[in-house]
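For reference, the structure discussed in these notes is given below.
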Protein chains: 2
Amino acid sequence: MQPSPACAELSAAARAAKQAFHTLASASSRQKNDFLSCLAERIARNRGSILAANAEDLAAARNKGTGEALLDRLSLDQKRLNAICESLRQIAELPDPVGEMDGFVTRPNGLQIGKMRVPLGVVGMIYEARPNVTVDAAALCLKSGNACILRGGSEALHSNTALAAHVRAALRDCGLPDSAVHFVASPDRDVVGAMLAAEGLIDVIIPRGGKSLVARVAAEAKVPVIKHLDGICHVYLDEFADAEKAVAIAFNAKTSRYGTCNTMETLLVHAARAAELLPPLAQRYRDKGVELRGCPNTRAVLPDIAPAAEADWETEYLAPILSVKVVDSFDEAVAHINRYGSRHTDSIVTENYTLARRFLREVDSASVMVNASTRFADGFEYGLGAEIGISTDKIHVRGPVGLHGLTTQKWVVLGDGQVRV
Amino acid sequence: MQPSPACAELSAAARAAKQAFHTLASASSRQKNDFLSCLAERIARNRGSILAANAEDLAAARNKGTGEALLDRLSLDQKRLNAICESLRQIAELPDPVGEMDGFVTRPNGLQIGKMRVPLGVVGMIYEARPNVTVDAAALCLKSGNACILRGGSEALHSNTALAAHVRAALRDCGLPDSAVHFVASPDRDVVGAMLAAEGLIDVIIPRGGKSLVARVAAEAKVPVIKHLDGICHVYLDEFADAEKAVAIAFNAKTSRYGTCNTMETLLVHAARAAELLPPLAQRYRDKGVELRGCPNTRAVLPDIAPAAEADWETEYLAPILSVKVVDSFDEAVAHINRYGSRHTDSIVTENYTLARRFLREVDSASVMVNASTRFADGFEYGLGAEIGISTDKIHVRGPVGLHGLTTQKWVVLGDGQVRV
């Protein structure tokens with residue numbers, strides 16, 4: 001079958017990106033940082049034309065009757081452009097992960113063997129409406145020595161095309177190959193399929209967007225994927241919880257934002273503390289408009305709330321709804337989390353040293369916390385300086401993914417003529 | 001469609017293995033090491049019955065007219081059993097990677113954030129004739145806190161069944177759940193398909209065997225795969241090579257063994273040194289019975305050898321054949337390796353400091369070497385103490401995979417009541 005013109009173009013772009021990746025291997029940190037500063041200046045200088053392009057996208061989206069939430073994700077303004085530029089400057093200031101060497105040992109035969117941190121190669125980003133991802137992804141990939149192929153949502157096409165043109169111009173300005181960042185302008189959906197099948201040309205795919213996009217990418221991809229699926233996060237108020245911390249953390253983890261993946265969706269409470277902790281918490285949730293759904297033992301304490309069904313324990317509400325379960329033991333809490341959670345982020349509130357240590361070890365999640373709100377699980381809060389996504393996979397990288405997650409390590413062997421006997 | 005009984009059994013075993021993995025999370029290093037010692041003792045004590053089982057496999061294979069190479073891989077003897085037991089004792093002595101914590105920083109809000117090394121979960125091994133893989137894989141997975149599902153080749157069924165029974169008995173003897181190691185006894189090929197599709201139950205698949213097995217696994221797997229495809233390794237004799245090291249390394253990298261993945265398949269020689277280095281090397285290869293195939297410039301120096309076709313540069317011979325190419329520059333050598341190599345292991349022979357550093361950085365391979373034979377690329381030579389395979393992937397782990405490659409890192413967040421504002 002003849003590939004579509006868009007797919008043929010993608011294939012050529014991926015080949016050029018691979019070549020650019022090899023060229024980037026000899027680029028200095030300074031050159032890469034110059035590119036980031038130069039891009040920030042370009043965007044600041046060209047706000048007018050970028051916002052005009054964005055206005056075209058917004059107008060088209062409004063004409064199609066697009067909902068407010070998507071329009072908000074799609075829209076750029078002076079403040080958001082400033083944030084994009086500020087983020088570029090911050091990425092420029094981060095240490096360059098490429099070339100870090102560690103773990104060197106000297107073997108009995110005199111070989112020195114260790115590891116060097118290196119880029120992955122060509123990163124494929126598949127994302128939806130947010131135009132800032134175009135700049136963020138290009139910046140993080142470039143800083144970590146990777147080339148990238150960016151495929152954004154068709155609703156942001158004008159905005160992305162304008163931003164991508166500045167990315168490529170900034171690359172040229174700094175003596176770097178502009179094929180290091182390829183933006184897919186075609187709305188042809190076959191291009192996504194071609195990206196997912198581009199083994200040997202694209203080294204990793206990072207989907208960013210709603211669950212259906214991510215699930216489609218994961219199901220179809222032949223190329224390895226770093227992905228984020230659900231965020232079914234738990235807070236467990238242990239038998240030995242400090243009451244004040246327990247209420248503050250359980251309230252914050254649910255209510256500071258509803259739509260984020262690190263929001264708590266199920267609250268677990270030790271039976272010995274349910275009668276004490278649940279009523280004041282229920283009062284605060286009620287005042288905030290959060291609907292509670294409880295297990296029978298929860299409803300024994302809070303008779304007014306709805307019962308939780310089995311499906312509630314495995315639901316990411318992304319809404320002002322919270323399921324609540326009373327557990328008889330620490331072990332039951334951990335078993336519930338490992339069974340129903342999404343291995344994203346889970347927190348215990350306790351003053352008990354041994355149980356805190358056990359929770360950290362036994363809960364199999366990307367982020368495990370003691371006496372802290374699950375809402376802290378993101379790259380900026382963790383001090384990564386930037387985040388290309390959050391991984392709920394176990395392979396390669398877990399949790400917030402910064403520059404290190406875009407790199408891998410190769411072995412370095414330094415000899416003076418050794419041969420194997 | 002009704003799953004076959006073998007697939008239903010696999011699914012139940014994978015569920016039990018996941019449960020066992022959670023139990024292993026609270027096992028101590030001592031318990032895991034006791035299991036390894038106990039297994040070594042059991043195997044030593046039961047040599048007779050293990051060798052009898054192996055004799056059944058060998059007899060059946062001979063009846064089927066199996067070739068000598070496969071018979072050799074299949075066969076066990078006292079020496080090989082001793083090696084298996086010795087390997088178990090060595091794995092017991094390796095440091096436990098699980099629970100290692102590093103990278104802790106204190107954030108402005110007082111949160112302490114770092115990483116803890118943890119097992120991947122349930123590892124699926126799919127392998128061919130070698131029965132020692134059954135013990136090796138179980139030992140490495142257990143030591144690194146993983147449960148595993150082992151699917152060996154049907155030709156080794158009796159041997160593997162005998163060894164797996166000892167693995168499970170040793171687990172029980174040491175108070176560990178025997179469901180942590182499941183050996184698939186059914187020859188039903190659908191079980192392999194079920195393993196590859198067991199998302200959420202099996203966390204990673206490691207195929208070990210011939211290229212067709214690995215390629216099938218990679219093509220079909222929905223579960224992430226750590227795999228080894230080709231070993232097209234290069235030695236580049238640079239303009240500034242020491243002649244003695246050049247000849248010794250190029251000879252050793254090709255001839256110390258022909259069938260191994262870290263054997264050199266293509267020799268690159270700088271044009272300025274071809275007339276000096278190729279004739280003595282060709283003499284040694286000829287004495288050893290190695291067939292040379294050369295580019296036109298190689299044949300200008302060595303007129304008696306066959307011409308190399310384009311296909312030669314991308315062939316893993318695994319045989320006493322070597323392709324030879326004269327290059328005009330360091331850049332041409334690196335470009336050739338990055339284009340035709342399999343990103344496994346490549347070595348430069350040079351006394352030039354700057355070119356050595358550039359080679360390490362610019363060659364995109366799992367192992368990059370200076371003045372050393374490619375044959376050193378394996379877990380034992382690198383000091384890992386053991387090796388579950390060699391990865392030619394870039395994601396997660398590159399090159400020889402030891403205990404660390406069977407683990408990942410989760411984030412640990414230690415607070416004292418922090419909530420996100």
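Readers should treat all values here as calculations from the given coordinates under stated rules, not as data from a laboratory. This is a predicted model, so every value here is computed, not measured. Cβ: placed from backbone, ideal geometry, glycine included. Neighbour counts: every protein chain shown.
Seen from B:Ala272, the other residues with C-beta closer than 11 Å to its C-beta sum to a net charge of -3, counting Lys and Arg as +1 and Asp and Glu as -1. Put simply, when B:225-238, B:157-170 are sorted by average Cβ atoms within 10 angstrom per residue, most first, you get B:225-238, B:157-170. If R0 is taken as 35 Å, the Cβ-Cβ distance between A:Phe104 and B:Ser26 corresponds to a FRET efficiency of 0.55. Taking the label point 7 Å along Cα→Cβ, B:Thr161 and its counterparts in the other copies are spaced 6.7 nm apart, in ascending order.
Converting phi to 3J(HN,Hα) with the Karplus coefficients 6.51, -1.76 and 1.60 and the offset θ = phi - 60°, the stretch B:125-134 yields 9, 10, 9, 10, 6, 5, x, 4, 4, 4 Hz in sequence order, with x at every glycine or proline.
Between 0 and 90 degrees, rounded to the nearest ten: what's the tilt of helix A:47-63 against the longest Cα principal axis of chain A? Helix A:47-63 sits at roughly 60 degrees to that axis.
Distance from the Cα centroid of the stretch A:201-226 to that of the stretch A:117-167 is 15 Å (rounded to whole angstrom).
Averaging 1/r over each pair of different alpha-carbon atoms in the protein assembly as shown and inverting the result gives 28.9 Å, the Kirkwood hydrodynamic radius. Averaged over the residues of peptide A:328-338, the number of Cβ atoms from other protein chains lying within 10 Å of each residue's Cβ is 1. The residue of chain B whose Cβ sits closest to the rotation axis that maps B onto A, together with that distance in whole Å, is B:His396, 2.
The phi torsions of the stretch A:376-382, fed into the Karplus equation with coefficients 6.51, -1.76 and 1.60 and a -60° offset, translate into couplings of 6, 6, 7, x, 5, 5, 7 Hz, rounded to whole numbers, with Gly and Pro shown as x.
Taking 4.7 Å between C-beta atoms as the pairing limit, chain A has these partnerless cysteines: A:Cys7, A:Cys38, A:Cys85, A:Cys174, A:Cys233, A:Cys261, A:Cys295. Summarising the amide proton neighbourhood of A:Glu351: residues at separation of 5 or more, or on other chains, whose placed amide H is nearer than 5 Å comprise A:Phe240, A:Ala241, A:Asp242. Counting only alpha carbon atoms, the long axis of helix B:271-288 and the longest principal axis of chain B meet at about 60°.
Look at the stretch A:363-371: the mean tally of other chain Cβ atoms within 10 Å of its residues' Cβ atoms is 6. Count Lys and Arg as plus one, Asp and Glu as minus one, and take only other residues whose Cβ is under 11 Å from that of A:Gln409; the net charge is then +3.
Under a model in which nothing but the beta-carbon of Lys, Arg (+1) and Asp, Glu (-1) is charged, the protein assembly as shown shows a dipole of about 20 debye around its Cα centre. Mean projected area of the convex hull spanned by the Cα atoms of chain A, taken over all viewing directions: 25.8 nm².
A point 7 Å from Cα along Cα→Cβ stands in for B:Glu276, and the other copies hold the same point at 8.3 nm, listed in rising order. Taking every C-alpha pair closer than 8 Å and separated by at least 6 residues, the mean separation divided by the residue count of chain A gives a relative contact order of 18 percent. Rounded to the nearest 10 degrees, what's the angle between the helix A:5-24 long axis and the longest principal axis of chain A, both from Cα atoms, 0 to 90? Computed tilt is about 80 degrees. How big, on average over all directions, is the shadow cast by the Cα convex hull of the stretch A:233-376, in nm²? For the Cα atoms of the stretch A:233-376, the hull's average projected area reads 7.0 nm².
Among the residues of A:310-321, the average count of other protein chain beta-carbon atoms within 10 Å of the residue beta-carbon is 0. In nanometers and ordered shortest first, the copy-to-copy spacing of the A:Gly99 label point, defined 7 Å from Cα toward Cβ, is 3.9. When the charge dipole of chain B is built from unit charges on Cβ atoms (+1 for Lys and Arg, -1 for Asp and Glu) and taken about the Cα centre, the candidate among B:Gln112, B:Ala282, B:Leu229 whose Cα reaches farthest toward its positive end is B:Gln112. Amide H of A:Ile149 versus every other amide H placed in the peptide plane: which residues, excluding those fewer than 5 positions away on the same chain, fall under 5 Å? Amide H neighbours of A:Ile149: A:Val123, A:Gly124, A:Met125, A:His182. Using only side-chain charges placed at the Cβ, +1 for Lys and Arg and -1 for Asp and Glu, the dipole size of chain B relative to its Cα centre rounds to 940 debye. Close amide H pairs (under 5 Å, H built 1.01 Å from N) link B:Gly385 with no residue at least 5 positions away or on another chain. Rounded to the nearest whole Hz, the Karplus-based 3J(HN,Hα) values (6.51 cos²θ - 1.76 cosθ + 1.60, θ = phi - 60°) of the stretch B:101-113 follow the sequence 10, 7, x, 5, 10, 9, 7, x, 7, x, 5, 9, 10, with x at glycine and proline. Across every direction, the projection of the convex hull enclosing the Cα atoms of the stretch A:5-229 has a mean area of 13.9 nm². Averaging Cα coordinates gives a centre for the stretch B:318-396 and one for the stretch B:67-113; these two points are 24 Å apart.
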